[in-house]
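The values are calculated or read from the model by the stated rules, or taken from the named source; none is laboratory data. Just so it is clear, the model here is predicted, and its values are computed rather than measured. Cβ: placed from backbone, ideal geometry, glycine included. Neighbour counts: every protein chain shown.
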2 protein chains.
Amino acid sequence: MDGTIAVVGLGYVGLPVAVALAERCGNTVGYDISAGRVAALRAGEDETREIGHARLTSCGLAVSDDPAALEGAETIIVTVPTPITEERRPDLTPLQKACETLGPKLRKGALVVFESTVFPGVTEDICGPWLAQASGLRQGRDFALGYSPERINPGDHVHRLETITKIIAADSDVALARMRALYGAIVDAGLHEAPSIRVAEAAKVIENTQRDLNIALMNEIALIFDRMDISTRDVLAEAGTKWNFLPFTPGLVG
Amino acid sequence: MDGTIAVVGLGYVGLPVAVALAERCGNTVGYDISAGRVAALRAGEDETREIGHARLTSCGLAVSDDPAALEGAETIIVTVPTPITEERRPDLTPLQKACETLGPKLRKGALVVFESTVFPGVTEDICGPWLAQASGLRQGRDFALGYSPERINPGDHVHRLETITKIIAADSDVALARMRALYGAIVDAGLHEAPSIRVAEAAKVIENTQRDLNIALMNEIALIFDRMDISTRDVLAEAGTKWNFLPFTPGLVG
């Protein structure tokens with residue numbers, strides 16, 4: 001890859017991407033809004049435990065909490081979280097702040113890729129205009145948009161960035177070719193090209209929804225069986241003998 | 001097996017059980033409330049297409065719509081449906097009618113096994129008393145209860161009665177031993193003994209609920225994506241590239 005790569009957001013999603021890009025493509029900077037996170041990473045400490053000390057200190061990744069680090073990057077990957085509001089609606093504030101921070105640093109010809117979980121349309125209809133507004137550049141002409149949903153399974157050292165098939169999608173064939181080169185360099189499991197950014201966004205939403213719904217069902221079942229003095233563990237052991245029963249268990253996320 | 005075996009209800013669940021028992025244990029009668037169904041089966045025609053003509057006519061199963069056929073059976077397997085009412089509550093009427101038909105024919109020492117999908121407690125707290133009432137016999141002393149949830153996947157010729165692990169549960173160790181012999185004779189995939197009838201009932205309920213919920217999610221998703229002009233087929237193809245995405249699709253039952 002030519003030109004600087006910047007990763008915005010160095011949590012459990014962004015850090016593995018930034019480290020892998022630094023190792024395999026070089027010339028990668030990581031930006032995070034948290035000075036504490038950046039200081040810890042500089043000391044080789046990743047509190048999310050995705051990246052070990054030795055790898056973090058030897059990968060060549062530059063990290064910073066100064067937006068100046070984003071200046072002139074050719075490719076920017078945004079991995080900020082998308083929480084929900086108290087009313088349980090999507091909270092796009094971190095995305096908006098990322099676009100407002102990044103926009104003024106954006107150069108012509110840049111590709112901005114989002115990895116955050118969003119409802120279909122957010123990348124092109126909301127983030128693109130935010131970037132255009134903050135940069136004074138034209139979406140789709142002066143800068144391109146891409147989307148590649150993160151599939152990190154926190155704490156899972158078998159299914160990692162490198163070993164999970166990654167979806168890529170872009171707003172043009174040229175941008176898609178750039179994403180193919182970018183992610184192809186770090187994802188050994190291979191890429192899957194979605195027909196549109198919206199389809200890729202939708203796929204990520206239903207992946208999360210399906211998982212959450214199945215865990216929620218187990219939680220409801222556990223509540224009901226507790227009241228009936230039936231052991232949920234026993235019931236799951238029985239149901240698990242059916243060839244197509246899905247082994248979800250009660251819990252917060254799994 | 002000694003003594004007559006009777007199967008009450010010859011739908012897509014009961015017929016395969018009755019045919020397999022007739023073939024492997026002999027001395028099996030099948031009872032169905034529908035004279036039309038019985039006439040068709042006698043002619044070798046199974047409209048559910050679970051059992052072919054040749055097997056049906058050669059298995060040795062006697063079928064009848066006369067409750068007298070149930071007289072004196074040592075083991076009775078009840079496979080009647082459990083629909084829902086207009087208010088979407090469980091409709092136990094077919095189970096109640098089966099118990100009222102069967103009760104007067106029940107002999108001392110009989111084992112009555114239910115395969116119907118029911119909420120936990122129905123076999124022992126509802127069907128048992130119905131049988132006691134209709135027979136004048138004492139539940140647990142004069143007759144025993146068992147439960148073995150059906151796992152038939154209609155139209156699936158790979159996952160069949162013989163090839164699906166079957167849960168068995170009973171109200172006593174003696175009854176469980178009888179069920180082990182009974183189902184062990186026809187289920188090649190092996191049996192799984194539940195610690196109680198209630199646990200086995202609960203396992204069946206969550207198997208169905210999990211499947212229904214996942215299909216319902218896909219139906220909801222398809223409705224939403226249609227309104228957004230996003231192809232659900234495309235989205236499912238993308239999501240399906242994740243190692244743990246579950247390949248449910250929109251539909252009525254699958």
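Here are the numbers for this structure:
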read-out	value
Test: residue in region A:172-185 that is free of Cβ contacts under 8 Å to residues at least 60 places away in the same chain, surrounded by 16 or more Cβ atoms within 10 Å (Cβ to Cβ), part of a loop (DSSP other than H, G, I, E, B) and within 14 Å of chain B (Cβ to nearest Cβ)	no
Subset tally (residues that are at the interface with another protein chain (Cβ under 9 Å from one of its Cβ atoms) and crowded, with 24+ Cβ neighbours inside 10 Å) for region B:186-198	2
Unmet requirement for A:GLU238, which otherwise passes all of (1) charged (D, E, K, R); (2) under 24 Å from the mean Cα position of the chain (by Cα); (3) in a helix (DSSP H, G or I)	(2)
Candidates A:PRO154, A:PRO129, A:PRO120, A:PRO149, filtered to the one that is exposed (fewer than 14 other Cβ atoms within 10 Å of the Cβ), of a type outside the set (Ser, Thr, Tyr), within 17 Å of the chain's Cα centre (by Cα) and outside the structural domain of A:ARG233 (by TED's automatic domain parsing)	A:PRO154
Verdict on B:ALA181 being out of contact with any helix residue (DSSP H, G or I) (no Cβ under 8 Å at 6 or more places or on another chain) and either under 30 Å from A:ARG151 (Cβ atoms) or assigned by TED's automatic domain parsing to the domain that holds B:VAL112 (or both)	yes
Residue count, region B:78-128 (criterion: touching a helix residue (DSSP H, G or I) at 6+ places or on another chain (Cβ under 7 Å) and of a type in the set (Gly, Ala, Ser))	3
Qualifying residue in region B:204-212 (condition: surrounded by fewer than 19 Cβ atoms within 10 Å (Cβ to Cβ), closer than 23 Å to A:THR165 by Cα and more than 7 Å from chain A (Cβ to nearest Cβ))	no
Qualifying residues in region B:220-235 (those that are at the interface with chain A (Cβ under 7 Å from one of its Cβ atoms) and assigned to a helix (DSSP H, G or I)) - the one farthest from B:GLY155 (Cα to Cα)	B:PHE225
Hey, A:SER64 touching a strand residue (DSSP E or B) at 6+ places or on another chain (Cβ under 8 Å), without any contact (Cβ under 8 Å) to a residue 60 or more places away in the chain, under 20 Å from A:VAL38 (Cβ atoms) and among the hydroxyl-bearing types (Ser, Thr, Tyr) or not	yes
Qualifying residue in region A:62-72 (condition: part of a strand (DSSP E or B), of a type in the set (A, V, I, L, M, F, W, C) and modelled with pLDDT of 95 or more)	yes
Among the residues listed as A:GLY26, A:GLY44, the single one being assigned to a loop (DSSP other than H, G, I, E, B), in contact (Cβ under 8 Å) with a residue 12 or more places away in the chain and touching a strand residue (DSSP E or B) at 6+ places or on another chain (Cβ under 9 Å)	A:GLY26
Selected residue (criterion: nearest to the other protein chains (Cβ to nearest Cβ)) from residues of region A:155-171 that are more than 15 Å from A:VAL113 (Cβ to Cβ) and aliphatic (A, V, I, L, M)	A:ILE164
